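Contents: one structure, followed by commentary.
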């Protein structure tokens, strides 16, 4: 780390105080659409081309939105140390507004957000309770599996993480109201993040129509939940029951069901597809590399041989499993482009990016930079062993981003994945049900999902076979 | 030994406070760490090292004088 400690970020205080060159523009754009079609088809290839052809800074064009991609450890550090006032996260994701609805999270100013939904439930002191809930939810999913069969990794982990996220972040009572229909509705919402939203997030396209239908259905489902919840005894009230009961001075409801649905989506969104995808990739990579997979299973068997609780161990070190999760995150980061809107001129070395443009960093590019991660395409969980610790490069190993806006749920996510696999791998053995190279991500939407089919076979481990 | 903080990284998770109470606190309004004792006594080294190791954002480090 190069910056002086205890000194807040060195953002240029005075707008337009310095001159700078315009960053090089990436060639090969189409008229009007620019690089949008490449973004919608092969985004990682597009970002790699920026780095190859323009260097550590280069400008892409998404249908008129100019996005300057910064890459390399030093340029990324400048991005992540930018202040909120200079680099605004809220304005950078137009495809999220129709999903959250107006007035929720990404549609609010940085100041509103600071005062708004500060998620207390992510504090360290809550983690033990969360770990217990996650282990229990995993067991409930396993109860449906039987002794052997095949499952779809996307469906299985989407459903599981919907229950765990809602139970931990929203409320245990609320979670009991959820059915598998919710994860399908959520999936449609997540698929509604087509980058064509840079042209207009309300175009009459199938993905957007499906998104809006899904959101309406979610409002419907939640309305029914809230009606039932209104009759719940007072001592069992949770966050949403309270939000719903708030009244304005004239006696009308403070928040509409539509707004509360938006809050629910925003609380769930960041932790759902990300954790679900990472769980699936952790398992796929362990099955692609069975010798390392066996090490993780024996590590878990040894740790839990004394009958200790998952909720105890998931908060502590499980080195081989953690390395497997980190390596899955490095190779398959759930978010491949992090963006900020430039509010006043952003300077990096001799370049200047004027207000109004977007700046971006790509975890998919960064996590495979050979100067930081030797033999970057190789699955190598040993990278995280003592002495190497390649994840200590805070501005290069960035599956969770970095700096002040680093994923605030990162510790929760790691604990959650440790709790899930501690529970799952003790009782079940898995194997791939497709050729190993057939598992891949679908990059056609800004929210990356595993492409289906993505099936795996499972069987109950012999010592634990049900009588 | 001397504790250094990178405030660009800190998000106020309060893990340090749990590991080494009295050395670290968290300002809830700012969601940022407050180092109560910048040069802790040698007897607290083990706790301070744990606080640094388990910081979820790796915002802390220890300098030897």
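Give the residues of the range A:271-293 that are more than 19 Å from residue A:455 (Cα to Cα) and out of contact with any helix residue (DSSP H, G or I) (no Cβ under 9 Å at 6 or more places or on another chain), sorted by residue number.
A:291, the sole residue that qualifies.
Taking into account only those residues within the range A:426-453 that are crowded, with 22+ Cβ neighbours inside 10 Å and closer than 20 Å to residue A:288 by Cα, which is farthest from the other protein chains (Cβ to nearest Cβ)?
A:439
What single numbered condition from (1) over 23 Å from the mean Cα position of the chain (by Cα); (2) assigned to a helix (DSSP H, G or I); (3) more than 22 Å from residue A:405 (Cα to Cα); (4) touching a residue at least 12 places away in the same chain (Cβ under 8 Å) fails to hold for residue A:52?
Failing condition for residue A:52: (4).
Within the range A:270-285, how many residues turn out to be out of contact with any strand residue (DSSP E or B) (no Cβ under 8 Å at 6 or more places or on another chain) and surrounded by 21 or more Cβ atoms within 10 Å (Cβ to Cβ)?
The number of residues fulfilling the criteria is 9.
Please go through the range A:238-259 and give me each residue that is outside any helix (DSSP H, G or I) and closer than 23 Å to residue A:172 by Cβ, ordered by number.
Across the range A:238-259, the qualifying residues are A:238, A:246, A:255.
Criterion first (within 27 Å of residue A:28 (Cα to Cα) and either part of a loop (DSSP other than H, G, I, E, B) or away from chain B (no Cβ under 14 Å) (or both)) does residue A:45 satisfy it?
Values: within 27 Å of residue A:28 (Cα to Cα): yes; either part of a loop (DSSP other than H, G, I, E, B) or away from chain B (no Cβ under 14 Å) (or both): yes.
Yes: the conditions hold for residue A:45.
Restricting to the range B:32-51, count the residues that are within 10 Å of another protein chain (Cβ to nearest Cβ) and under 22 Å from residue A:126 (Cα atoms).
Of the residues in that region, 1 qualify.
Of all residues in the range A:342-359 being surrounded by 20 or more Cβ atoms within 10 Å (Cβ to Cβ) and under 25 Å from the mean Cα position of the chain (by Cα), which is nearest to residue A:407 (Cα to Cα)?
Within the range A:342-359, the match that is nearest to residue A:407 (Cα to Cα) is A:359.
I'm told residue A:123 meets every condition in (1) within 13 Å of chain B (Cβ to nearest Cβ); (2) at pLDDT 90 or above except one. Can you identify the failing condition by its number?
(2)
Quick one: count up the residues across the range A:382-425 that are modelled with pLDDT under 95, away from chain B (no Cβ under 14 Å) and crowded, with 17+ Cβ neighbours inside 10 Å.
0
Please work out which one of (1) within 12 Å of another protein chain (Cβ to nearest Cβ); (2) surrounded by 16 or more Cβ atoms within 10 Å (Cβ to Cβ); (3) under 25 Å from residue A:322 (Cβ atoms) is the condition residue B:61 fails and give its number.
Of everything listed in (1) within 12 Å of another protein chain (Cβ to nearest Cβ); (2) surrounded by 16 or more Cβ atoms within 10 Å (Cβ to Cβ); (3) under 25 Å from residue A:322 (Cβ atoms), residue B:61 misses just condition (2).
Quick check on the range B:11-31: of everything there that is loosely packed, with under 14 Cβ neighbours inside 10 Å and modelled with pLDDT of 90 or more, which residue is farthest from the other protein chains (Cβ to nearest Cβ)?
Of everything passing the filter in the range B:11-31, B:22 is farthest from the other protein chains (Cβ to nearest Cβ).
From A:439, A:384, which residue is closer than 20 Å to residue A:320 by Cβ and under 23 Å from the mean Cα position of the chain (by Cα)?
A:384
Which condition from (1) under 25 Å from the mean Cα position of the chain (by Cα); (2) part of a loop (DSSP other than H, G, I, E, B) is the one that residue A:68 breaks?
(2) is the only condition that residue A:68 fails.
In the range A:71-85, which residues are in a helix (DSSP H, G or I), out of contact with any strand residue (DSSP E or B) (no Cβ under 8 Å at 6 or more places or on another chain) and within 14 Å of chain B (Cβ to nearest Cβ)?
Scanning the range A:71-85 gives a single hit, A:77.
The values are calculated or read from the model by the stated rules, or taken from the named source; none is laboratory data. Keep in mind the model is a prediction, meaning the values are calculated, not measured. No Cβ is skipped: glycine too gets one built from the backbone with ideal geometry, and neighbour counts run over all protein chains shown.
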